[in-house]
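Here's the structure, in structure tokens; my notes come after.
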Amino acid sequence: MTRGVGHFLKSIAVPALVLLAWEALSREGVFSAAILPAPSQVVVRWWQYLSPLEPYDPAQGSRLAWLFSGELPQDALGSLSRVLAGFLIGGGVALPLGLLMGRRPLVHDLFAPLLEVLRPIPPIAFIPLSILWFGLGNPPALFLIALGAFFPVLVNTIAGVRNVDAIYIRAAQNLGAREGVLFRRVILPAAMPYILTGVRVGIGVAFIVVIVAEMTAVNRGLGYRILEAREFMWSDKIIAGMISIGLCGLGIDVFMNRLNRWLLRWHRGMES
Amino acid sequence: MEPAVQMTGVAKAFRTGGREVLALDGIDLSVAPGELVCLLGPSGCGKSTLLNAIAGFAPPTAGTLLANGRPVAGPGPDRGMVFQEYALFPWMTVEANVAFGLELKGEPRAAIAARVEELLRQLALWEFRDRFPKDLSGGMRQRVAIARVLAIDPPMLLMDEPFGALDALTRRNLQDELLRIWSALRKTIVFVTHGIEEAIYLADRVVVMTYRPGRVKRIVPVPLGRPRDTASPEFNAVKREVSLLVMEEQARHERAERGVAAD
């Protein structure tokens, strides 16, 4: 117990010192509040950003809806749902294509050249074209996020299928499995460790892309909010927004870890 | 009665590193229904290649090969295979592994559940039905693998050094278990091994194979009743005969390897 407390104190010592020094220097007026606001001011601003704008009115709807009616929850929900929708589109195309490309050399040889040309282009470089094609709002953002998620899922799925131990395929064929069942019940689960690696990378890229896309094309969401705050020189709100983006990223990470562990509970080296 | 396996002039050539290697040559062998035959020989004699040909994973390059009266065109559930590496699906529980073949046949759920329970109880696996293969010992994994092929009730079992990775006690246990299953169900079994004692302990006939290219060197019948006593003089008389044959081939194997090293 005391060791736990000691460990906790050790791990917060440096962050606490930095915060204290930052707070003190800001109060002394060493930094202008417009450049670097005091941490306490950021916390106050973050709370305002988080809180509902209107007092609770039962006639307007449920308490839960009211709790999420603040600007930050709305922005975060918007950004996360864009990540999810874009990822589902990109991953949803990449997964079957990757399964086929991994299993069928002909499909691989047909698609690989085009994909290899497109793959090194960072999804962010597609921003101008995506705005030209889809205008402003959600469509270009979903396109960019889907694109960002597509390649990691595709590449890892192909690798996963190619690394399926032939003995599982033989065992399944021996028990009477034909190609369709083989894909669904043998190749897909056997490739799952690779596929999930692709999913995690893909979600990470999607989260980067959503912030940039919101800054340029969407005019909503967490990315847009910190850019908007800069226009008003609200440095406290910029930092509060950045912290919120970080927390969302952390949340995605924790969720993916859990999902990973559950889906791969059969895997050697995974402790349940 | 029609033989379960009928091979005439079966040969198999591989290309490795630009060189043609003849793994099997001129194999004539037939296995009667309900017979337990062991293929025995040093590594590199093509015994696993021969088994894979019967299973339909890798067709021979010459000769004719009939299984259950039909030419082998590919793998199928009439020839249940048990692999040395178990080949259990690691993402399925014990129960799901055993049920898989029955699900492929499209049997009704209740029938599958009943059959799976019966098999798991028979093989002392019922308590472990919810475990994943990674949480089982080698002997238990191999019992699951045997249950998995027995579930689809094939007339023939093909076993590729199934007990090779197990310790001696577990191996003897599973050999006895297999003999029990065999005498109860009267399935044809083609069993590949490099264990001389294992082959004589199990087989009606031991097929001793030559080192590269694999040919049938001699077929040694084992005229002993079961259960067999590995310490008896009769057992050891057969063992001496088979050992001499295998040692000749082992010596050729070693000479060949030294020859390659000297190249």
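Derivation of every value follows stated rules applied to the coordinates shown; laboratory data play no part. Quick caveat, the model's predicted, so the values are computed rather than measured. Please note: Cβ atoms are built from the backbone with ideal geometry, for glycine as well, and neighbour counts cover all protein chains shown.
Enumerate by residue number the GluC sites (Glu not before Pro) in segment B:1-102 meeting two conditions: DSSP loop (anything except H, G, I, E, B), and at most 14 other Cβ atoms within 10 Å of the site's Cβ. Before the final figure, lay out the partial values.
On the way: sites: B:Glu20, B:Glu35, B:Glu85, B:Glu95; in loops: B:Glu35, B:Glu85.
Taking segment B:1-102 and a limit of 14 other Cβ atoms within 10 Å, no loop GluC sites (Glu not before Pro) are found.
Would you compute, from DSSP H runs of 4+ residues alone, the mean residue ellipticity of chain B at 222 nm, taking -39500 (n - 2.57) per run and dividing by the full residue count, rounded to the nearest 500?
Numbers: 7 runs with 104 residues, N = 263.
Value at 222 nm, helices only: -13000 deg cm²/dmol.
Rounded to the nearest 0.05, what FRET efficiency do A:Ala34 and A:Glu71 have when you use their Cβ-Cβ distance and R0 = 25 Å?
Between A:Ala34 and A:Glu71 the formula returns 0.75.
Go ahead and run the numbers for FRET between B:Arg19 and A:Arg258, Cβ-Cβ distance against an R0 of 45 Å, rounding to 0.05.
Taking R0 as 45 Å, the efficiency between B:Arg19 and A:Arg258 is 0.30.
Work out which helices of chain A, taken as complete DSSP H runs, extend at least 24 Å along their axis over the Cα atoms and score a mean Kyte-Doolittle of 0.5 or more, then list them.
A:2-27, A:71-103, A:138-162, A:188-213, A:235-263
Report the equivalent ellipsoid semi-axes for segment B:50-115 in whole Å, largest first, defined as the square roots of five times the eigenvalues of the gyration tensor built from alpha carbon atoms.
28, 15, 8
Measure nothing fancy, just the Cα-based angle from helix B:233-262's long axis to the longest principal axis of chain B, in degrees from 0 to 90, nearest 10.
70 degrees
If r is the Cβ-Cβ distance from A:Leu250 to A:Ala166 and R0 is 56 Å, what FRET efficiency results, to the nearest 0.05? Could the numbers behind the result be given before it?
Working: r = 40 Å, r/R0 = 0.71.
Efficiency, from the Cβ-Cβ distance: 0.90.
What angle do you read, to the nearest 10 degrees and between 0 and 90, between the alpha-carbon axis of helix B:94-105 and the longest principal axis of chain B?
80 degrees
What does the helix-only formula give at 222 nm for chain A: each DSSP H stretch with n ≥ 4 adding -39500 (n - 2.57), the total divided by the residues, and the result rounded to the nearest 500 deg cm²/dmol?
Taken over chain A, the calculation gives -24500 deg cm²/dmol.
Mind pulling the angle between the C-alpha long axis of helix B:109-122 and the longest principal axis of chain B? Nearest 10 degrees, somewhere in 0 to 90.
60 degrees
Quick check on my link table: of B:Lys187/B:Lys217; B:Lys12/B:Lys187; B:Lys187/B:Lys239; A:Lys10/B:Lys134; B:Lys12/B:Lys134, which ones sit more than 32 Å apart, alpha carbon to alpha carbon? All intermediate terms of the calculation are to be shown ahead of the outcome.
On the way: B:Lys187/B:Lys217 25 Å; B:Lys12/B:Lys187 27 Å; B:Lys187/B:Lys239 25 Å; A:Lys10/B:Lys134 39 Å; B:Lys12/B:Lys134 35 Å.
A:Lys10/B:Lys134; B:Lys12/B:Lys134, as the Cα separations exceed 32 Å there.
Could you give the length gained by full extension between A:His7 and A:Ala59, i.e. 0.36 nm per residue of separation minus their alpha carbon distance, to one decimal place?
This chain segment gains 13.8 nm when fully extended.
With the crude spin-label approximation of a point 7 Å out along Cα→Cβ, what separation in nm comes out for A:Asn219 versus B:Ala251?
9.2 nm
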